[in-house]
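A.B. asks: Quick one: this structure, given as structure tokens, is what I'll be asking you about.
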Amino acid sequence: MAYNYIKALHLIFVITWFAGLFYIPRLFIYHIEARMKPENEAKILSDQLKIMTSRLWNIITWPSAILATIFAIWLLIDQPLWLQEPWMHVKLGFVVLLIAYHLKNHQIYKQFQKDDIRWTSSQMRLWNEGATIILFAVVFLVILKSAFDWIYGLVGLIGLAVLLMIGIKTYKNYRKKKGEDV
């Protein structure tokens, strides 16, 4: 009975963690693009974006990451046989990638809070897709409970990445045609 509650809490915090990871790069993009505005407007936007980013990162994303991890460990303690399953090994590999992605976003967050912006909005749009690719991989692994044929899985992830890049490129061209800053 407790297992279902732990699983539900794990899933809730995974969802809120991903929400933070999806939105934080979007705020970074807005911050990058705010710098292209007139100085007064840029300062106001930058200050507001720093507040929004800080609240998202420190009140939602970090606590969600920690709680998702705690409940995941609890589930693995409750179901130790999962650690013998190949699909779980692959999933945990993607979780390690997710944690690395999270930590890199933390580094970027700290730089942006100091107005140390080293990314273009196009680079950040590509970076933003990292969480999407990891999410697809983890969801399919958990639902199918199979470390399915690596060739199909790899081709699928590469296909997803290519589609995302085409979408980003198309959006960039659309914005250029409208005369927006890219």
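The values are calculated or read from the model by the stated rules, or taken from the named source; none is laboratory data. The model shown is predicted, which means the values in this text are computed figures rather than measured ones. Methodologically, a virtual Cβ is constructed for each residue, glycine included, from the backbone with ideal geometry; neighbour enumeration extends over all protein chains shown.
A.B. asks: Only one of (1) under 16 Å from residue 119 (Cα atoms); (2) at pLDDT 95 or above is not met by residue 36, so which one is it?
C.D. replies: All conditions are met except number (2).
A.B. asks: State all residues of the range 84-111 that are hydroxyl-bearing (Ser, Thr, Tyr) and touching a Leu at 6+ places or on another chain (Cβ under 8 Å); if no residue qualifies, say none.
C.D. replies: Scanning the range 84-111 gives a single hit, 101.
A.B. asks: Scan the range 69-100 residue by residue and report those that are of a type outside the set (A, V, I, L, M), within 20 Å of the chain's Cα centre (by Cα) and surrounded by 16 or more Cβ atoms within 10 Å (Cβ to Cβ).
C.D. replies: Listed by number, the residues that qualify are 69, 71, 91, 94.
A.B. asks: Could you list, ordered by first residue, the pairs with Cβ atoms under 7 Å in which the first is in the range 1-18 and more than 17 Å from residue 131 (Cβ to Cβ) and the second is assigned to a helix (DSSP H, G or I) and among the aliphatic types (A, V, I, L, M), at least 6 apart or interchain?
C.D. replies: Cβ pairs passing all conditions: 6/75; 7/75; 10/68; 10/72; 10/75.
A.B. asks: Just name the residue that is surrounded by the fewest Cβ atoms within 10 Å (Cβ to Cβ) out of those in the range 18-39 that are assigned to a loop (DSSP other than H, G, I, E, B) and not hydrophobic (A, V, I, L, M, F, W, C).
C.D. replies: Going through the qualifying residues, I end up with 38.
A.B. asks: Right, another one. Looking at residue 95, is it touching a helix residue (DSSP H, G or I) at 6+ places or on another chain (Cβ under 6 Å), aliphatic (A, V, I, L, M), in contact (Cβ under 8 Å) with a residue 12 or more places away in the chain and closer than 25 Å to residue 60 by Cβ?
C.D. replies: no
A.B. asks: Report yes if residue 125 is over 20 Å from the mean Cα position of the chain (by Cα) and surrounded by 13 or more Cβ atoms within 10 Å (Cβ to Cβ), otherwise no.
C.D. replies: Spelling it out, it is not the case that residue 125 is over 20 Å from the mean Cα position of the chain (by Cα) and surrounded by 13 or more Cβ atoms within 10 Å (Cβ to Cβ).
A.B. asks: Also, quick follow-up: So which residues in the range 40-54 are under 22 Å from residue 109 (Cα atoms) and either of a type outside the set (D, E, K, R) or surrounded by 12 or more Cβ atoms within 10 Å (Cβ to Cβ) (or both), if there are any at all?
C.D. replies: 42, 43, 44, 45, 46, 48, 49, 50, 51, 52, 53, 54 - these are the residues of the range 40-54 that are under 22 Å from residue 109 (Cα atoms) and either of a type outside the set (D, E, K, R) or surrounded by 12 or more Cβ atoms within 10 Å (Cβ to Cβ) (or both).
A.B. asks: Continuing with the same structure: Looking only at the range 88-146, count how many residues are assigned to a loop (DSSP other than H, G, I, E, B) and among the basic types (Lys, Arg).
C.D. replies: Residues that pass the stated criteria total 3.
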